[in-house]
1. Mind counting the residues in segment 52-69 that are surrounded by fewer than 15 Cβ atoms within 10 Å (Cβ to Cβ), in contact (Cβ under 8 Å) with a residue 12 or more places away in the chain and not acidic (Asp, Glu)?
2. Kindly indicate which of ALA189, ALA174 is crowded, with 21+ Cβ neighbours inside 10 Å and either in contact with a Pro (Cβ under 8 Å, 6 or more places away or on another chain) or not assigned by TED's automatic domain parsing to the domain that holds ALA468 (or both).
3. Among (1) under 29 Å from MET90 (Cα atoms); (2) in a helix (DSSP H, G or I); (3) of a type in the set (Asp, Glu), where does GLU141 come up short?
4. If you check PRO124 against the conditions, is it outside the structural domain of LEU391 (by TED's automatic domain parsing), touching a Ser or Thr at 6+ places or on another chain (Cβ under 9 Å) and either of a type in the set (A, V, I, L, M, F, W, C) or modelled with pLDDT under 95 (or both)?
5. Assess whether ASN408 counts as being within 30 Å of VAL222 (Cβ to Cβ) and either outside the structural domain of LYS31 (by TED's automatic domain parsing) or out of contact with any Leu (no Cβ under 8 Å at 6 or more places or on another chain) (or both).
6. When residues of segment 269-322 are filtered for being over 28 Å from the mean Cα position of the chain (by Cα) and farther than 30 Å from GLU413 by Cα, how many remain?
7. Hey, among LYS378, LYS428, which residue is over 46 Å from the mean Cα position of the chain (by Cα) and assigned to a helix (DSSP H, G or I)?
8. Would you please name the residue that is nearest to THR257 (Cα to Cα), looking only at residues in segment 70-83 that are touching a residue at least 12 places away in the same chain (Cβ under 8 Å) and polar (S, T, N, Q)?
Amino acid sequence: MRLLATALLALAGSGCVLHGPRPIPPVADLKAPAIGPSKSLQPVAWWESLGDPKLNSTVKAVLATNLDLHAIDQQLNQQRALVRLRRAGMLPQVNLAVNGNFQPGQVMEFNLPPIPGFEPPAQPEDPYAVSLTSQFSLAYEADLFGRLRHGKAAAEADLMAAQADRQTTALLLAGRTVELYLAAIEARAQLKQLEVSLELQEKQLALLQNRHQKGLGDLLAVHQQEQLIATTHAQVPLLKNRLASAALQLAALQGETRTVPGALGLRLDFPVPEALPADGLSAELILRRPDVAAAVSRLRSADHRLGEALVARYPSLRIQANAGLGIAPNSPTGVELADLGEAIGDDLRNIFDNPGEQMAWNIGGALSVPLFSGGRVKAQIETAQAGYRALALRYRKTVVEAVVEMSNAMAAENSQRAYIKRLEAQAKAVRATRDLALARYGDGLIGYQSYLQAELSLNQVTRSLISARRQLVSHRVTLMRAIAGPVSSPKGGRQ
């Protein structure tokens, strides 16, 4: 029995863990990243690689004021408190209880006949009864098999997952802000193109009207040109509405209902990202994604919760200790108020002079061994095992989807670059055709319909080129979101 007690005390002091953390198998030849406490809750500033100071300040403002991020910050505070709660459960719990009682005493009356040689005890004029007790209690659960450590580690992993989720939300918000910024550039560029087109169309209308008045032109050509101008004008309010909508959506991201003038800048051209490396990008770049980090942390948390469930099959040891002191400076008839301080002082001196005699204490332990729970412990283990397997599959899915997203973004960007080159060649040819048609129409060699068709084609291809350039930057934004950071140039520098 003594040997068993000694072994239990040694085990309580050192503890052992019956379920160690399991390694996470690689997915697509990618090993799980090492996850530690996050030093920053902000994502890598990949948008700075676009080289637009106004865009940088806009994204920074959104990340500083977004209501979703502020709500997540409060949830992180809750998770941090849960971690502290788990850590506190591994420490002894010490309590102090103090009880005091102060009440008037009662004067004792002695209705006895006179007895020779006997004097009744003197009665205090204003008696009081006083008592004061204090009790210290200490409770401690010895973490024999690591149950408490598993619980603490699971809470810490949940906190790291929540921090990664916060980074994921910030990453998506930054991407949304950049897209709104690009949408505003596109709308302004389209409006500028319409202004140029309208100026040319108005000049051409004046020319047609002049030719018609001189009997050199057809009235049908005048009406067709007026129709073209009206069609062009009709596109202006739509583009202005797109610009206003982008500004309002940006304000909403900042928790505001009113737009801030100039928040989306005044830029008319798009940033031009450098070409991707010829040999592509390494799939390992997706390991810096915060959603991958969150999946790893949740899987580690599930592993620790499985260990917590497994340990529930083993004994638990609780240690309890109590110590109490009390003073009651009272005589059978009470103590007068004027003498109360002196009486309490005498009792306190007795406590310090003879603490062993004045203090009552006890210490004990309780060893609990689960014998029968109706299958509850087994069900908890099976629940934890199923949860771990489900999160392992979700981690695998997250990695696979990240690799596919990165590959699709690279392919889309390369295809878009090829499309823009063809579109630029087309625009050059259409512009030459329009200029030639205008010259021949002025010389009376072709009809107005031929020139009108060339003008419409140039307007369409010019607007298509603006949208294509915006889409190229959007593909780069998608790629940088997919790898949670900027794309390195072939020389290893950042764009």
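1. 3
2. So the residue among ALA189, ALA174 that is crowded, with 21+ Cβ neighbours inside 10 Å and either in contact with a Pro (Cβ under 8 Å, 6 or more places away or on another chain) or not assigned by TED's automatic domain parsing to the domain that holds ALA468 (or both) is ALA174.
3. If we test GLU141 against (1) under 29 Å from MET90 (Cα atoms); (2) in a helix (DSSP H, G or I); (3) of a type in the set (Asp, Glu), just (2) comes out false.
4. Yes, satisfied.
5. no
6. Residues meeting the conditions: 14.
7. Result: LYS428 is the single residue among LYS378, LYS428 that is over 46 Å from the mean Cα position of the chain (by Cα) and assigned to a helix (DSSP H, G or I).
8. Ranking the qualifying residues of segment 70-83, first place goes to GLN75.
The values are calculated or read from the model by the stated rules, or taken from the named source; none is laboratory data. Please read all numbers here as calculations on a predicted model, not as lab measurements. So basically every Cβ, Gly included, is an ideal-geometry build from the backbone, and we count neighbours across all protein chains shown.
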